[in-house]
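Each remark here refers to the structure printed beneath this line.
The values are calculated or read from the model by the stated rules, or taken from the named source; none is laboratory data. Just so it is clear, the model here is predicted, and its values are computed rather than measured. As a convention, Cβ positions derive from the backbone with ideal geometry for all residues, glycine included, and neighbour counts pool all protein chains shown. Accessible surface is based on the protein model in full, side chains and every heavy atom, while ligands, DNA and RNA are left aside. Shrake-Rupley method; radii C 1.70, N 1.55, O 1.52, S 1.80 Å.
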Amino acid sequence: MSPPEAFAPLGPLPTGRVAIEASAGTGKTYTLSGLVVRYVAEAGVGIDKLLIVTFTRAAAAELRDRVRSRLTDAVQVLSGATGAPEGDELLDFVANTDREHRLRLLERAVIDFDAATITTIHGFAQQFLSTLGSAASGDLDATLLDDTSELLQTVCADVLAAESFAATDIPEPLPSLADLSALAATVLGNPGIDLVPDASDASSMPTVARLRRLVDRAADEVHRRRRVAGTLSFDDLLTELRDALEQSQAAAASLRRRFQVALIDEFQDTDPVQWSIFSRLFGVADEKTTLVMVADPKQAIYAFRGANVHTYLEAAHQEGTRRSTLGVNWRSDGALVRALERVFKGATFGDPKIEFVSVEASPEHRDLRLETEDGTALPALSVRLALGEDVPRYGRGKITVGAVEQAASGDLANKVKELLNIAWVPAGSNGQPRRRLQPSDIAVLVLTHRDAETMQTALRKQSIPAVAIRSDSVLKSPAVTHWRWLLTALARPNDPTRSRTAALSWFFGWSVAELAAADDEKLSQVQTQLAAWSETLAANGPVEFCTKVWSESGVTARVLGSSDGDRHITDLDHIAGLVQAATAERRPTPDGLLAVLDQLAAAPTDDPENDVTARQVESEAEAVQIMTVFVAKGLEFPVVCIPTLWRRSSAIARDVVYQDPVTGRRTFDITKGADWPSASEAAWRKAVANNEALGENLRLLYVALTRAQHCALLWWSHADGNEVTGLARVLFAR
């Protein structure tokens, strides 16, 4: 397949339906903000006639800031207040023709900037459903609720209970609550997905027929109960807008008149419902609307959130869509860009249409290198091999996964220590001088939080400061359990069961042996302390209460002295801040603080990056940053270490979800690969799903390697089953 042409930032303004395919570091946000300036100045598109959509609140906030800044810069240049920054060809281009008229258009855009619609896809749906009135079929006053896990568990329990009393000739036991909940969650998280087997497929397999019936019933009941309760999920928002647009041509025409140009960022993370909305509204051949989709399908790694890269491919490759690419990497130095091309050239990333695209390093980064003090360049890309005779083996020389994990984590710590001793970061184009490599310049990218703990332990053994950056909620941490034990005991300090549980918390620090040996007198000391803290909460409020608990319990020293103490004390402090902020205007009871924790846990958020309960970094000190590849997407670091992508588990599909090559639709085999209607067909379904999972594993590798500015280190070993990983494909399947 011939590659698309390079996108020309100063070429004709895009019209109709356009797909701009980016690569890592090629300046998607810069391109989008530049297009806004040009649409306003050259085409006279009012800022209120532009729609800019992305997929998280943080990204929307960054886009809003960048677009406003770019418009302001353009006004400054065209008014003569400043000259265009060196190398900024776009502002020179805009200022070169019809200067006064364009200046007036740009000034109006800056004045009216608050009228710009720069939002998330869910924010767009919520905003415009409210304007459709009777054209919207759902409850416009419904409460938006993102976390429906508790409702799902309740529904699935009820469905299983009802089925257990139904007359049946099926001898096999019912599915477990966990299994049914997981299946229903996948269905609810992928609106419009096809389920197999259907009733006819399952007619000769009563157990499978029953499973399909239970899954359908659970999904339908969740939707029904949400309607009755007046709540909506974020997926419901999108399906309601899609349905309104399909049912009412007037509604679609109304929104189409509202906007002349739609710019969609991160379009590789779209799904069929979102594409149905945008394709119906924008880029229609007989309408004067423009749809610009900016995406990097090589970075499509959010299938677990319902994103479907096949939807992007359908949109980008359909007739009438013009494709182009961004070809300059503004992040990495020339040596690293060349090394990554050597690794990825010729590779595809889960679909033949997702090809590696060659890029060039920007002129200012081309000759920069990570180097030693005397100027000797260090390797831009290194593959570290855990293959030595000192790596434990079994059987016929096979290396165990555990042995590789231990060898890789130890080698990583040694290599990081070496780099900190010898490496210098080159001077930057922003005037930053050449300097010694610092721990915070290094990122360790892993697949799971368990991996992060392993790497953090290895680094700390070498006296290298390291922090684990996590996107999960603090309300799912061990700290919240200890908080709940304390608050439950504060509500009834004299209750022996509650006070004994509190004694085991970090706030008292008893061991199980101490608790077993404690007599009534010793336990009464705990109860007296609990009563005193409860009185402080009632009399002085949560701030004074937390201060007193921290000073009198010795919790800080106790927790910091334990394994992962920095992490735990940060979580304890974080929860204290949350309850203080939520109760600032009143003096709550212990039960009131427990209710606050429950409310925070149930609060909706469509963007973990802006979630107040997302776990905080445990140390502000200079430290190596350890995070998952998912968290690292969008970030960059001078040095990136990737020690776990050799492992097999990440390349095998947990669920049998795949794009059916016959129907072209997203499909979910709820039996997870059971032998129906034959073993060969079951094997085919699993193979298709596993190939898709392997494609995502390749994309994870691409995302991880392209976070680096100057140096990337990658670990490999021939452990059990790791031939089915993206890394194995890249290294060996050429």
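If A733 meets every condition in (1) of a type in the set (A, V, I, L, M); (2) surrounded by fewer than 23 Cβ atoms within 10 Å (Cβ to Cβ); (3) closer than 16 Å to R647 by Cβ apart from one, which number is that one?
Failing condition for A733: (3).
When you check L241 against the structure, is it touching a Lys or Arg at 6+ places or on another chain (Cβ under 8 Å) and of a type outside the set (V, I, T), yes or no?
In short, no.
Provide a single number: the residues in region 312-326 that are charged (D, E, K, R), in a helix (DSSP H, G or I) and in contact with a strand residue (DSSP E or B) (Cβ under 8 Å, 6 or more places away or on another chain).
The qualifying residues number 0.
So how many residues does region 110-143 have that are out of contact with any strand residue (DSSP E or B) (no Cβ under 9 Å at 6 or more places or on another chain) and at pLDDT 85 or above?
Residues meeting the conditions: 7.
Can you tell me which residue is farthest from T119 (Cα to Cα) among those in region 65-108 that are among the aliphatic types (A, V, I, L, M) and in contact with a Gly (Cβ under 8 Å, 6 or more places away or on another chain)?
This residue is V77.
Inspect all residues belonging to region 220-231 and state whether any of them is more than 21 Å from A60 (Cα to Cα), modelled with pLDDT of 90 or more and open to solvent by less than 10 Å² (accessible area, probe 1.4 Å).
The answer is yes; a qualifying residue exists.
Among all residue pairs at least 6 apart or on different chains, which show Cβ distances below 9 Å where the first residue, located in region 549-565, is surrounded by fewer than 15 Cβ atoms within 10 Å (Cβ to Cβ) and the second is aromatic (F, W, Y)?
Correct list of pairs: E552/W533; G554/F507; S562/W506.
Tell me the residue from R498, R470 that is at pLDDT below 90 and basic (K, R), please.
None of the others qualify; the one that does is R470.
Kindly provide the set of residues from region 519-543 that are in a helix (DSSP H, G or I) and open to solvent by 80 Å² or more (accessible area, probe 1.4 Å), ordered by number.
Hits for region 519-543 are D520, E521, Q525, T528, E535, N540, V543.
Of all residues in region 445-478 being aliphatic (A, V, I, L, M) and over 21 Å from Q406 (Cα atoms), which is farthest from the chain's Cα centre (by Cα)?
The selected residue is L475.
Just checking, which of A262, A251, A307 is part of a helix (DSSP H, G or I) and either free of Cβ contacts under 8 Å to residues at least 40 places away in the same chain or of a type outside the set (K, R) (or both)?
A251
If the Cβ limit is 7 Å and pairs must be 6+ apart or interchain, which residue in region 484-507 that is under 21 Å from A601 (Cα atoms) pairs with which residue that is outside any helix (DSSP H, G or I) and among the small types (G, A, S)?
W485/S505; L486/S505
Exactly one condition in (1) open to solvent by less than 40 Å² (accessible area, probe 1.4 Å); (2) in a loop (DSSP other than H, G, I, E, B) is not met by T239; state its number.
Every listed condition holds for T239 apart from (2).
If a residue must be open to solvent by less than 40 Å² (accessible area, probe 1.4 Å) and farther than 30 Å from G87 by Cβ, how many such residues does region 358-396 contain?
5
Conditions first: (1) without any contact (Cβ under 8 Å) to a residue 60 or more places away in the chain; (2) open to solvent by 50 Å² or more (accessible area, probe 1.4 Å); (3) farther than 28 Å from M455 by Cβ. D591 passes all but one, so which condition is the exception?
(1)
Given the options L10, L32, L71, name the one that is within 30 Å of H317 (Cβ to Cβ), part of a helix (DSSP H, G or I) and either open to solvent by 20 Å² or more (accessible area, probe 1.4 Å) or in contact with a helix residue (DSSP H, G or I) (Cβ under 9 Å, 6 or more places away or on another chain) (or both).
From the options L10, L32, L71, the qualifying one is L32.
From the list V703, V688, V724, exactly one residue is open to solvent by 10 Å² or more (accessible area, probe 1.4 Å), part of a helix (DSSP H, G or I) and of a type in the set (V, I, T). Which is it?
V688
Quickly run through region 16-64 and pick out the residues that are modelled with pLDDT of 90 or more, among the basic types (K, R) and farther than 22 Å from L103 by Cα.
R17, K28 - these are the residues of region 16-64 that are modelled with pLDDT of 90 or more, among the basic types (K, R) and farther than 22 Å from L103 by Cα.
Restricting attention to region 167-201, and to residues there that are open to solvent by 50 Å² or more (accessible area, probe 1.4 Å) and of a type in the set (D, E), which single residue is nearest to the chain's Cα centre (by Cα)?
D179
Would you please list the contacts, defined by Cβ atoms under 6 Å and residues six or more apart or on different chains, that run from a residue in region 353-366 that is more than 15 Å from L326 (Cα to Cα) to a residue that is open to solvent by less than 60 Å² (accessible area, probe 1.4 Å)?
Filtered contacts from region 353-366: K353/L313; H365/D333; R366/G334.
Conditions tested, residue by residue: (1) at negative phi; (2) touching a Cys at 6+ places or on another chain (Cβ under 8 Å); (3) at pLDDT below 90.
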residue: E620; (1), (2), (3): yes, no, yes
residue: V639; (1), (2), (3): yes, yes, no
residue: R647; (1), (2), (3): yes, no, yes
residue: G664; (1), (2), (3): no, no, yes
residue: D669; (1), (2), (3): yes, no, no
residue: K672; (1), (2), (3): no, no, yes
residue: P677; (1), (2), (3): yes, no, yes
residue: W684; (1), (2), (3): yes, no, no
residue: A693; (1), (2), (3): yes, no, yes
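What's the number of the only condition in (1) within 24 Å of the chain's Cα centre (by Cα); (2) of a type outside the set (G, A, S); (3) open to solvent by 10 Å² or more (accessible area, probe 1.4 Å) that V294 fails to meet?
(3)
Please work out which one of (1) surrounded by fewer than 17 Cβ atoms within 10 Å (Cβ to Cβ); (2) within 19 Å of Q268 (Cα to Cα) is the condition G346 fails and give its number.
It is condition (2) that G346 fails.
In region 655-685, how many are in contact with a strand residue (DSSP E or B) (Cβ under 9 Å, 6 or more places away or on another chain), of a type in the set (S, T, N, Q) and either in a helix (DSSP H, G or I) or under 16 Å from D351 (Cβ atoms) (or both)?
Result for region 655-685: 2.
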